[in-house]
1. So, in nm, how far is label Ala275 from label Glu94 when the simple model puts each one 7 Å beyond its Cα toward the Cβ?
2. Could you tell me the ratio Rg/Rh of the stretch 188-340? Both radii from Cα atoms, Rh via Kirkwood.
3. Per residue, how many Å² of accessible area does the chain show with a 1.4 Å probe?
4. Can you give the extra length, in nm with one decimal, that the chain gains between Asp145 and Ser192 once fully stretched, where that is 0.36 nm per residue apart less the Cα-Cα distance?
5. Quick one: 3J(HN,Hα) in Hz for the stretch 227-243, Karplus 6.51/-1.76/1.60 with θ = phi - 60°, rounded, Gly and Pro as x.
6. In Å and on Cα atoms, what radius of gyration and Dmax does the stretch 80-159 show?
7. Starting at the first residue of the stretch 338-343, write each ³J(HN,Hα) from the Karplus equation 6.51 cos²θ - 1.76 cosθ + 1.60 with θ = phi - 60°, in whole Hz, x for Gly and Pro.
8. What does the accessible area of His89 come to, in Å² to the nearest 10, when a probe of 1.4 Å is used?
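The values are calculated or read from the model by the stated rules, or taken from the named source; none is laboratory data. In this text, all values refer to a predicted model and were calculated from it rather than measured experimentally. All Cβ positions, even for glycine, are placed from backbone atoms using ideal geometry, and neighbour counts span all protein chains on display. These area figures cover heavy atoms from the full protein model, side chains too; ligands, DNA and RNA do not enter into them. Shrake-Rupley method; radii C 1.70, N 1.55, O 1.52, S 1.80 Å.
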Amino acid sequence: MTPGRPVPPPLANPIAPAQPVNPVRPLAAAAGSTAGAAAAEGAGVTAAAYGAVSGDSGLVPLTVARRAPKADDVEIAIEFCGLCHSDVHATRGEWGGQTYPLVPGHEIVGTVSRVGPGVTEFAVGDRVGVGCMVDSCRECDSCLDGLEQYCENGMTGTYGAKDRRNGGAISQGGYSTSIVVDRRYVLRVPESLDPAAVAPLLCAGVTTFSPLRHFDVGEGDVVGVVGLGGLGHMAVKLAKAMGARVVVFTTSESKVAAALELGADEVVLSRDEAAMAAADRTIDLIIDTVAAPHDLNPFFRALRVDGALFQLGLPSEAMPPVNPGALIRRRIAYAGSLIGGIAETQEMLDFCAGHGVVADIEMVTAGQLNEAYDRMVAGDVKYRFVLDTGTLREEAREADA
């Protein structure tokens, strides 16, 4: 396996003068305004949304005042937005330092409703997507190398981040009926794919695609996947589409059939010492998607010489210590990876279109969001929830009545 990645970098563009901050308000305070209202040329729109007003408020109806598109902006009428476990952590204040109100959502699929005069690559009616970031500095080495997710000055997350090009407004995400994003951070969604099932690709998909692509996984490689949740099920699908043999490691016997149904060639129960011993030196690359503390050393023993384990899950508590000898004796790499750059995310979408890969999803309405959050925490989802944003408009009409 040879490390590599796509090369097209974004265009550099210095930080523009500040623009007015866009407010977020409880829906009842904006009666009569709707996300779907036609906007006059050059005017912003008020979007219906769901978000948190405090760490313990749950998700409630809100409105978001979206800016009018600037020269390089694309306004998107959102159709679907995936629910990511990081949305739960952020809205519940579990990562600290959160600014409220907060509208989450960074797996956005919709259609272009307006474009600025400097936009030539997108037109009204195009189906597009927005992932985990809506800006970066565009000037550092990482940005110029197409690795905006590692921006040395800090990327601008799709929600909960200060938008330096727009007056320091806190970015608000995709649990809403519209969003305005600079063209450089907008992705083209292939028409051959189910748009609802594409939404999780913009986070879970590219998060697992990136390390597989970095190690140029292909025919003859053996990829191990630890955990079979939202990330894990995408890792299985993508590695199989790349031609690899896929081995799923799980602690749960109940997931054996599900892993095989997704395309895994083999399932190893990681609590079975004999099964783990049989896996010794059989794996080239392991994608670890587990977000709870767990011992990595048994998985290092499953790797061949020059193998690698990529940590994608981010536990909230300390992990058991890694034995350096396990790494040294086989020249094993222990690495991490964060989503993907814009060029790589587009490459992932095109790859998925070519191989018919999408996420396995369960659709939810606005009124089911809080229940969906509780089910995500309990692990009761197979494998990703996706919000139908059309139901936000229904909530808006009921609240405004």
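1. It is 2.7 nm.
2. Values: Rg = 14.9 Å, Rh = 15.6 Å.
Result: Rg/Rh = 0.96.
3. Numbers: 16170 Å² over 401 residues.
Roughly 40 Å² per residue, with all protein chains present.
4. Numbers: separation 47, 0.36 × 47 = 16.92 nm, distance 2.95 nm.
Length gained between Asp145 and Ser192: 14.0 nm.
5. After applying 6.51 cos²θ - 1.76 cosθ + 1.60, I find x, 10, x, x, 6, x, 5, 6, 4, 4, 4, 5, 4, 5, 5, 7, x Hz.
6. 14.9, 41
7. 10, 5, x, x, 5, 4
8. Per-residue accessible area (His89): approximately 50 Å².
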